[in-house]
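Accompanying notes for the structure given below.
The values are calculated or read from the model by the stated rules, or taken from the named source; none is laboratory data. The shown structure was predicted, so the numbers you read here are calculated from the model rather than taken from an experiment. All Cβ positions, even for glycine, are placed from backbone atoms using ideal geometry, and neighbour counts span all protein chains on display.
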Amino acid sequence: MSKIFIKTFGCTLNKKDSKNIVANYNYSEDEKDTFTADYIIINTCGVKERTDTKIINYLKKLKQLNISEKKIIICGCLVTIDKELLTDIFPNANYFKIEETKQLQKLLGSLKLETKTKKVNISEPIILSNGCLGNCNYCAVKFARGKLKSKSEKDIILEIEKTIENGSKEILLTSQDNGCYGFDINTNIVKLLSEIIKIKGNFLIRLGMANPQHLKIFKKELIEIYKHEKLYKFLHIPIQSGDNQVLKDMNRFYNIEDVFDIIKEFRKEIPEITIATDIIVGYPTESEEEFQNTIEVIKKLKPDVVNISRFGQRKRIEANKHKDLLGAIKKKRSRELTILCRKISLNNNKLFLNTEKEVLVTEVGKNNTVMARTVEYKPVGIKGNYPIGTKLKVKIINYKANFLIGKNSLEKM
C-alpha cells in the first residue's frame, strides 16, 4: 500500500486544511519520509513574499531528488495567487486550488493508500469559516479564499463534541478572521462561544486572530465570555500599523484609538490576559515618522507577542501602485521593532517569575522536556517525561522572551 508525506506552509488554518485532506490515510510530516513516500503533498501559503521564497526553495530541493512529478500534489493558496511560480519548477505536478479540495480528496480516494490508524490529537484546530470581509490593500490571500463563508454553529458544535470525545484537551478556533464569524449567517463569535462553553468535558478554547473593527462591536459581551474557565486568556488582535494614515492606506477599517480602547477594556476586566498582535513594517506609503508612531504605540500597549512582517509585493494587490521601499529601510525598521518587542516580552514574562501555575502539557520537546500552556496561553518549558494532555502545577523558575521555564511543584526545588 502507498504512503503519503505532507508538507504544510502557513497558519493554523492551513494546518487544519492539511489534516482534513489526509484525514482518512496514514501520513507523515517527518522530512525524512520524503524519500520513501509514494505521494508527496505540499500545501502552500500565499500570505508573504518570504513564505513564497521558502516554498520555492523547498520545491527546488525536492526536484533534486528526481521524484516523479506524478507523485507530487501541490495545493493551497499559492496555487491560486501565483501558480506560475510553482509550475516553473514542477510543470507536470497535480495542482489543486483551495476550492478544489473535494477533487483532491477524490484523487487520493482513487489511489491505493494506507488507511489511517486512530490517533488522539490533544490540540485540535477547528475551522470556523473561510474567506473574510476585508479588502486590505496588501493582502493576496483574499484572492485565494474569497468572501466570508461561515460554517453553521451546529456543525462546529458537533465537530468540537466529537473532538472532545476522542480525547482532545485544547480547541484552537481558527479562520482568516474570527471576529467576523457568522456575519453571513446571522450569528457572531460571541453567540458561538456561548454555545461552545456549554459542551461537557475538560478542555480549553483558544480563540485565534480577530480584527479590531469587529471586536469593537461586541467587546463587552466578548470580555464576559473570556472570563469563563474554558477560555484561554489570550487575545490576538492584529494592528498592522500604529499610524492612522498608514491604516487608511492599507484599507483597514479601524483606527489606532479603537485598538487602545479594546485592549484597555480587556486588561481592565482580565488583567492577566496575553495580548498578541501583528505588525507590517515598510508599507510603501509608510514614512519614517509614521513608523515611529508604530514604535510609540507598541511601547504604550506592551503586547506579549508581536508577529513582525516586512511588506512584500504580491500579484494583483492594490499596494503595488505605490513604489516599494528599499529593502534596507524595511530591514532596519524590522530590526528596530524586533529589539523593542523582545525587550517588552522579557519584561512581561519576568512578572511570572516565582509564581505557581496550572499548565496543560501540549508537546514533547527535546532532551527530556515538554512544552505546556498556562491559562494565559503562555508556553512553558518543563524538564521531565510527562504525557501529552497531563495537567501539572508548576513553579516558574526562569523566563525567556518567548517562553517561561517551569518546574513541577511536587518535585524538590
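Tabulated data for the structure shown
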read-out: Some residue of segment 294-304 being hydroxyl-bearing (S, T, Y), on the phi < 0 side of the Ramachandran plot, outside the structural domain of K393 (by TED's automatic domain parsing) and out of contact with any Lys or Arg (no Cβ under 8 Å at 6 or more places or on another chain); value: yes
read-out: Residue ID - surrounded by the fewest Cβ atoms within 10 Å (Cβ to Cβ), chosen from residues in segment 58-85 that are assigned to a loop (DSSP other than H, G, I, E, B) and touching a residue at least 12 places away in the same chain (Cβ under 8 Å); value: L65
read-out: Single residue of segment 143-166 satisfying the filter (part of a loop (DSSP other than H, G, I, E, B) and either surrounded by fewer than 16 Cβ atoms within 10 Å (Cβ to Cβ) or of a type in the set (S, T, N, Q) (or both)) that is modelled with the highest pLDDT; value: S152
read-out: Within segment 8-36, tally of residues that are in a loop (DSSP other than H, G, I, E, B), modelled with pLDDT under 95 and either touching a Leu at 6+ places or on another chain (Cβ under 6 Å) or of a type outside the set (D, E) (or both); value: 8
read-out: Pairs, first surrounded by 22 or more Cβ atoms within 10 Å (Cβ to Cβ) in segment 21-49, second of a type in the set (S, T, Y), C-beta under 6 Å, six or more apart; value: N43/T8; N43/S18
read-out: Subset of segment 43-83 that is more than 17 Å from I317 (Cβ to Cβ) and of a type in the set (K, R) - its residue that is nearest to the chain's Cα centre (by Cα); value: K54
read-out: Residue that is in contact with a helix residue (DSSP H, G or I) (Cβ under 8 Å, 6 or more places away or on another chain) and in the same structural domain as L133 (by TED's automatic domain parsing), where the choices are I196, I217; value: I196
read-out: Pair list, Cβ under 7 Å, 6 or more apart: segment 293-305 residue within 12 Å of N348 (Cβ to Cβ), other residue of a type outside the set (A, V, I, L, M, F, W, C) and in a helix (DSSP H, G or I); value: K302/N348; D304/S345; D304/N348
read-out: Residue count, segment 364-379 (criterion: free of Cβ contacts under 8 Å to residues at least 60 places away in the same chain and part of a strand (DSSP E or B)); value: 6
read-out: Residue that is over 19 Å from D88 (Cβ atoms) and in the same structural domain as D88 (by TED's automatic domain parsing), where the choices are I42, I21, I74; value: I21
read-out: F143 being under 24 Å from the mean Cα position of the chain (by Cα) and more than 30 Å from L192 (Cα to Cα); value: no
read-out: Number of the exception - D177 against (1) in contact (Cβ under 8 Å) with a residue 24 or more places away in the chain; (2) of a type outside the set (G, A, S); (3) farther than 22 Å from N14 by Cβ; value: (3)
read-out: Conditions (1) within 27 Å of L172 (Cβ to Cβ); (2) in contact (Cβ under 8 Å) with a residue 12 or more places away in the chain; number of the one not met by K102; value: (2)
read-out: Those residues of segment 92-142 which are outside any loop (DSSP other than H, G, I, E, B), farther than 22 Å from I317 by Cα, aliphatic (A, V, I, L, M) and touching a Lys or Arg at 6+ places or on another chain (Cβ under 9 Å), in sequence order; value: L113, I126, I127
read-out: Any hit, segment 332-352, residues being at pLDDT 95 or above and part of a loop (DSSP other than H, G, I, E, B); value: yes
read-out: Unmet requirement for T285, which otherwise passes all of (1) under 24 Å from the mean Cα position of the chain (by Cα); (2) assigned to a loop (DSSP other than H, G, I, E, B); value: (1)
read-out: Complete set of residues in segment 299-320 that are crowded, with 19+ Cβ neighbours inside 10 Å, β-branched (V, I, T) and more than 18 Å from the chain's Cα centre (by Cα); value: none
read-out: Tabulated pairs, segment 220-244, first in contact (Cβ under 8 Å) with a residue 40 or more places away in the chain and closer than 16 Å to G179 by Cα, second small (G, A, S) and assigned to a loop (DSSP other than H, G, I, E, B), C-beta under 8 angstrom, 6+ apart or interchain; value: L235/A210; H236/G208; H236/A210; I237/A210
read-out: Where T362 falls short, out of the listed (1) within 26 Å of V47 (Cα to Cα); (2) in contact with a strand residue (DSSP E or B) (Cβ under 9 Å, 6 or more places away or on another chain); value: (1)
read-out: One residue from G208, G179, G201 being within 30 Å of V361 (Cα to Cα), loosely packed, with under 15 Cβ neighbours inside 10 Å and not assigned by TED's automatic domain parsing to the domain that holds R373; value: G201
